[in-house]
Amino acid sequence: MSGYRGYLLSLFLLIVVYIFYIPDYHNLMKQKSTIQKLGYTPSGRLYKALVGEYRWFLGDYLSFKSIVYYGGKVEFLIRGRFDEVEYYNLYRTVETSVLLNPYNEDIYYFAQATFTWDIGRVREVNRILEYVFKYRSWDFKIPFYLGFNNAYFLKDYKTASVYYQKASELSGSPLFANLAARYLYEGGETALGISYLKTMIKMTRKEEIKKQYETRLKALEAIYEIEIALKKYQENHKDIPTLERLVELKYLTAIPVDPYGGKFYIDDNGKVRTTSKMAFLSHKN
């Protein structure tokens, strides 16, 4: 009897999938990129309750549908007619696709490329990426995108550094480690960036990668030395000094050397900067 019920349940689910998927898929394949209307997509939770284990299949379909729809709007986008795109419905479709199948990497690539740059919906994309990362916990690209979104769009450098650290740990790439250290510095956490790099140096076996960490470490240590001197200066003065002034008043013994070949300075907001922006100017590492 239980087997018969299982058969009926499977048959019901197949019918539901057919209703939601086959007719729309047939029309979509006929129209391809000429499709103009996307329409409203119900909640992913509703779909999950209806189709059960077939949600992966439906999630892939909604991902495909979103990308094809957007491809049909390229001509409008080139002409700057963003109002021709059903962005709200498109986001709902993408969000539902992710809820149904968070393992499909195409859809989070698409969300990152579309909603951040086109209409600035960075926080919404971050929510999608954070959800996907719970399932694709091995995928370093997700924390990399989250780090970039927080640093570039939201100016949240502390959060960016956390995600870059995760990307570094998952990928083993020194690029992400250096970015993490940089955004710890940008977020006013230079000392934490120094500690992070020292830990990475101890853990790294390849000498080439270790040298990159060591160079970034020297730069952050030099910045931190200036920051400490600047803090002591501002305990007694209200202005923002030059580095030469700090040396003149013995807050610094000498202006530190930037290992990247640039020159350190203090900007109008009292932030220690370097003309190299912590990247080699005219020679390779």
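K198 passes all but one of (1) over 17 Å from Y164 (Cβ atoms); (2) of a type in the set (D, E, K, R); (3) modelled with pLDDT of 85 or more; which number fails?
Among (1) over 17 Å from Y164 (Cβ atoms); (2) of a type in the set (D, E, K, R); (3) modelled with pLDDT of 85 or more, K198 violates only (1).
Answer with yes or no whether D139 is open to solvent by 50 Å² or more (accessible area, probe 1.4 Å) and either of a type in the set (A, V, I, L, M) or closer than 24 Å to R121 by Cα (or both). Don't jump to the end; show me each part of the working.
Working: open to solvent by 50 Å² or more (accessible area, probe 1.4 Å): no; either of a type in the set (A, V, I, L, M) or closer than 24 Å to R121 by Cα (or both): yes.
Answer is no for this residue.
Kindly indicate the residue of segment 174-212 that is under 18 Å from the mean Cα position of the chain (by Cα) and open to solvent by 30 Å² or more (accessible area, probe 1.4 Å) and also farthest from G270 (Cα to Cα) among those meeting that condition.
L175
Please go through segment 73-129 and give me each residue that is within 16 Å of Y152 (Cα to Cα), part of a helix (DSSP H, G or I) and at pLDDT below 90, ordered by number.
Q112, A113, T114, F115, T116, W117, D118, I119
Within the set of pairs 6+ apart or on separate chains, which have a first residue in segment 240-258 that is under 15 Å from T274 (Cα atoms), a second that is open to solvent by less than 50 Å² (accessible area, probe 1.4 Å) and among the hydroxyl-bearing types (S, T, Y), and C-beta atoms under 8 Å apart?
These pairs meet every condition: D258/T274; D258/S276.
Select from segment 142-168 the residues that are without any contact (Cβ under 8 Å) to a residue 24 or more places away in the chain and in a helix (DSSP H, G or I) and list them in ascending order.
L146, F148, Y152, T159, V162, Y163, Y164
Within segment 134-147, does at least one residue satisfy the condition of being among the β-branched types (V, I, T) and in contact with a Ser or Thr (Cβ under 7 Å, 6 or more places away or on another chain)?
Going residue by residue through segment 134-147, those that are among the β-branched types (V, I, T) are 142.
Keeping just the survivors that are in contact with a Ser or Thr (Cβ under 7 Å, 6 or more places away or on another chain) gives none.
No.
The values are calculated or read from the model by the stated rules, or taken from the named source; none is laboratory data. From a predicted model like this one, the values you see are computed outputs, not experimental measurements. Note that we place each Cβ from the backbone using ideal geometry, even for glycine, and neighbour counts take in every protein chain shown. Remember, those area values only see protein heavy atoms, side chains included, never the ligands or the DNA or RNA. Shrake-Rupley method; radii C 1.70, N 1.55, O 1.52, S 1.80 Å.
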